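Working notes for the structure below.
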Amino acid sequence: MKLLSDALIAQLSKMELTAKQIVEGFLVGLHKSPYHGFSVEFADHRQYNPGESLRNVDWKIVAKTERYYVKRYEEETNLRAYILLDHSKSMFFESQYGSKIDYAKQLAAALSWLMIQQKDAAGLVTFNHKISSLLPPKAYRSYTAQIFKELLSLKAAEKTDILTPLHQIAESIKKRSLIILISDLLEEPEKIISALKHFRSQRHEVLVFQLYDPREEELDYKRETEFIDSESGEKLIINPWQIRDEYQVQFEGFFRELKNACHQYQIEYQPVSLAEPMEKLLFKYLSVRKKGL
């Protein structure tokens, strides 16, 4: 029995080629992952030797026993990364810049391809109002085919509730990992931050890519336009020029609030315009991240 059709194989091959092209040019010869060495697990204690650094002294043990012990850590060889991809209805918004979901799929494919090529482990979790699929992180190359197949199958959901699935995902990941969230985050900022804080409380490192369409930012419609809420179906007919100034103030405030909150909780935040070439986005992000390690 043939599990994969010729058409699906062609789609998977095309996605893998796209992912490869996105990252290949500026990562040639880079063997050590810019994420490598992030995941560090506590191993045990040993007695403190006079004269050495006090940096890893376990002060709780000192307080209890009045004896000095040092924490020893075991650095893992591979990073575990979970790519969390939102496929709620708003992610299927489309304009002349393309659709958010297509950009998100390409970004997820590029990141997973990159990490697995560098012998890090990448997994994929897709969600809307619930978790729709979960592929745990693995580091072997053929695993990208499973990830890409899942990406290609994504459909818009009838309902949206990013808060519940994000809390469920945070609760389910036990080992310290890199969490990469790809979403337009069209939800109340307080709810979004509460979910992201849950990951931080579990000692995960968190990176957020918030996608937006330039038309959402500029509201550059020239005539009376009917807007339809992708989640509720509610319709509203307005003259965009009458509300554009106030709308842009609210739009900028929304992004600023998320950025400030992420900075407060040491969450990396990357707003992403669909007009930005992905090669530029990844180069900018990986360059900054590499310098910080």
Any chance ALA81 is in contact with a strand residue (DSSP E or B) (Cβ under 8 Å, 6 or more places away or on another chain), aliphatic (A, V, I, L, M) and buried (at least 16 other Cβ atoms within 10 Å of the Cβ): yes
Residues that are assigned to a helix (DSSP H, G or I) and modelled with pLDDT of 90 or more, drawn from region 153-188: THR164, PRO165, LEU166, HIS167, GLN168, ILE169, ALA170, GLU171, SER172
Region 127-152, subset closer than 20 Å to ASP184 by Cβ and of a type outside the set (A, V, I, L, M, F, W, C), residue surrounded by the fewest Cβ atoms within 10 Å (Cβ to Cβ): LYS130
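So that you can scan it fast, the table gives a plain yes or no per residue for (1) surrounded by 11 or more Cβ atoms within 10 Å (Cβ to Cβ); (2) at pLDDT 85 or above:
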| position | (1), (2) |
| --- | --- |
| GLU217 | yes, no |
| LYS235 | no, no |
| ILE238 | yes, no |
| LYS259 | yes, yes |
| LEU286 | yes, no |
| LYS290 | yes, no |
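Could you pull out the residue among ALA108, ALA145 that is assigned by TED's automatic domain parsing to the domain that holds HIS204 and more than 18 Å from PRO271 (Cα to Cα)?
Working: ALA108 fails: more than 18 Å from PRO271 (Cα to Cα).
Going through ALA108, ALA145 in turn, just one is assigned by TED's automatic domain parsing to the domain that holds HIS204 and more than 18 Å from PRO271 (Cα to Cα): ALA145.
Residues checked against (1) closer than 20 Å to SER142 by Cα; (2) at pLDDT 75 or above:
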| position | (1), (2) |
| --- | --- |
| LEU17 | yes, no |
| SER33 | yes, no |
| GLN47 | no, yes |
| SER53 | no, yes |
| TRP59 | no, yes |
| ASP86 | no, yes |
| PHE93 | no, yes |
| ALA108 | yes, yes |
| ILE116 | yes, yes |
Top-ranked residue of region 153-163 - restricted to ones that are touching a helix residue (DSSP H, G or I) at 6+ places or on another chain (Cβ under 8 Å) and surrounded by 14 or more Cβ atoms within 10 Å (Cβ to Cβ), ranked as nearest to ASP184 (Cα to Cα): ILE162
Positions within region 86-119 being crowded, with 24+ Cβ neighbours inside 10 Å and either assigned to a strand (DSSP E or B) or in contact with a His (Cβ under 7 Å, 6 or more places away or on another chain) (or both), in sequence order: ASP86, ILE101
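Give the residue that is surrounded by the most Cβ atoms within 10 Å (Cβ to Cβ), with candidates limited to residues of region 264-278 that are out of contact with any strand residue (DSSP E or B) (no Cβ under 7 Å at 6 or more places or on another chain) and either at negative phi or modelled with pLDDT under 90 (or both).
Initial filter on region 264-278 (out of contact with any strand residue (DSSP E or B) (no Cβ under 7 Å at 6 or more places or on another chain)): 264-266, 275-278.
Adding the requirement that they be either at negative phi or modelled with pLDDT under 90 (or both) leaves 264-265, 275-278.
Details: GLN264: 10, TYR265: 14, ALA275: 15, GLU276: 15, PRO277: 9, MET278: 18.
Filtering first and then ranking leaves MET278.
The values are calculated or read from the model by the stated rules, or taken from the named source; none is laboratory data. Quick caveat: nothing in here was measured; it's all calculated off a predicted structure. Positions of Cβ are generated from backbone atoms using ideal geometry, with glycine treated the same way; all protein chains shown enter the neighbour counts.
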